[in-house]
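Pasting a structure here, questions to come.
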Amino acid sequence: LLFLVFVIYPFIQGGFLSLTNWNGYSQSYKMVGLKNYVRLFTDGNVGTAFLNTLIYGFGSTLLQNVLGLALALFLNGKFRGRSVLRTVIYLPVMIAPLIMGYVMYFFFSYNRGAINDIVLALGGQMVDWMASGPRAVAIMTVVNALQFVGVSMVIYLAGLQGTNPELEEAAELDGASKWQIFWNVTLPQLKPTTFFVIIMLTIASFKVYDQMYMITQGGPGNATMTLVYYIYNVAFVNTPKYGYASAVSMVLFVLVLFVTIIQFKGSSSND
């Protein structure tokens with residue numbers, strides 16, 4: 001019942017609104033058919049937002065998986081202080097993305113930003129870190145990955161607890177190196193865990209908004225715009241266009257669905 005009320009119904013309502021010209025507050029609207037979807041193909045902002053979403057989503061997911069697995073392997077060992085380290089690495093996850101965005105804005109700001117202050121102290125020249133679209137997207141990708149790497153670390157730690165240590169011991173007795181044991185014994189056992197982490201983090205990264213709002217607000221120009229931020233702009237900023245924003249949201253839904261299906265197919269074929 002909850003799924004029907006909070007997921008299925010809003011999705012159907014969004015699909016219906018995407019066929020209208022509703023502005024979000026008037027009592028009347030007109031059905032426009034597929035005009036909103038046709039408009040998507042001529043809207044350069046949608047293309048930019050779509051590409052940035054892919055770069056941000058896949059880049060963030062890749063970094064979080066690699067770093068999360070590396071940290072999990074390290075913190076799965078027995079040494080003094082590992083619980084403290086686990087806590088420290090996971091702490092950023094508990095910070096709201098909006099707050100993290102504000103903190104990162106303080107670091108990367110051109111005027112009196114912490115990084116530029118360090119650069120000036122070392123005798124260098126200030127850099128406008130967010131003036132370049134590709135550089136700003138790369139920075140935001142890294143920021144998101146570092147904030148939520150604790151999520152993948154915890155899930156991989158749980159996965160490592162479920163691996164069979166006897167297989168690793170047998171491989172070690174056979175003369176396998178640590179890398180060979182990891183690649184041929186440990187990693188295959190983590191396949192279900194890896195699949196879950198990739199699905200979860202990819203979908204989460206595709207829906208980025210808070211950090212974007214605080215750090216770049218889609219700028220410079222619209223160079224760092226993502227689909228979710230563009231949906232917000234179309235629906236709430238300037239002249240609201242809920243119908244068109246709903247059409248863009250359908251594009252985001254199809255993107256997430258397509259990526260999820262591909263990942264499911266890949267996981268099934270590997271099994």
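Which condition number in (1) touching a residue at least 12 places away in the same chain (Cβ under 8 Å); (2) within 19 Å of Phe236 (Cα to Cα); (3) not in a helix (DSSP H, G or I) is the one that Ser28 fails?
(1)
Suppose we filter Phe148, Phe206, Phe195 for residues that are hydrophobic (A, V, I, L, M, F, W, C), touching a residue at least 24 places away in the same chain (Cβ under 8 Å) and surrounded by fewer than 18 Cβ atoms within 10 Å (Cβ to Cβ); which single one remains?
Just one listed residue meets the conditions, Phe195.
Against the conditions (1) in a helix (DSSP H, G or I); (2) among the small types (Gly, Ala, Ser); (3) surrounded by 14 or more Cβ atoms within 10 Å (Cβ to Cβ), where does Ala158 fall short? Just the number, please.
(3)
Can you work out which of the residues in the range 32-52 that are aliphatic (A, V, I, L, M) and open to solvent by less than 100 Å² (accessible area, probe 1.4 Å) is farthest from the chain's Cα centre (by Cα)?
For the range 32-52, the residue satisfying everything is Val32.
What about Asn45, is it out of contact with any Cys (no Cβ under 9 Å at 6 or more places or on another chain), outside any helix (DSSP H, G or I) and in contact (Cβ under 8 Å) with a residue 12 or more places away in the chain?
no
Looking for something more than 30 Å from Pro165 (Cα to Cα) and open to solvent by less than 30 Å² (accessible area, probe 1.4 Å) - is there at least one such residue anywhere in the range 59-75?
There is at least one residue in the range 59-75 that is more than 30 Å from Pro165 (Cα to Cα) and open to solvent by less than 30 Å² (accessible area, probe 1.4 Å).
Next up: Would you call Thr87 polar (S, T, N, Q), exposed (fewer than 15 other Cβ atoms within 10 Å of the Cβ), farther than 30 Å from Gly243 by Cβ and without any contact (Cβ under 8 Å) to a residue 40 or more places away in the chain?
Spelling it out, Thr87 is indeed polar (S, T, N, Q), exposed (fewer than 15 other Cβ atoms within 10 Å of the Cβ), farther than 30 Å from Gly243 by Cβ and without any contact (Cβ under 8 Å) to a residue 40 or more places away in the chain.
The values are calculated or read from the model by the stated rules, or taken from the named source; none is laboratory data. What you see is a predicted model, and the numbers here were worked out from it, not measured in a lab. Note that each Cβ is placed from the backbone with ideal geometry, even for glycine, and that neighbours are counted across all protein chains shown. Please note that ligands, DNA and RNA were not included when accessible areas were found on the heavy atoms of the full protein model with its side chains. Shrake-Rupley method; radii C 1.70, N 1.55, O 1.52, S 1.80 Å.
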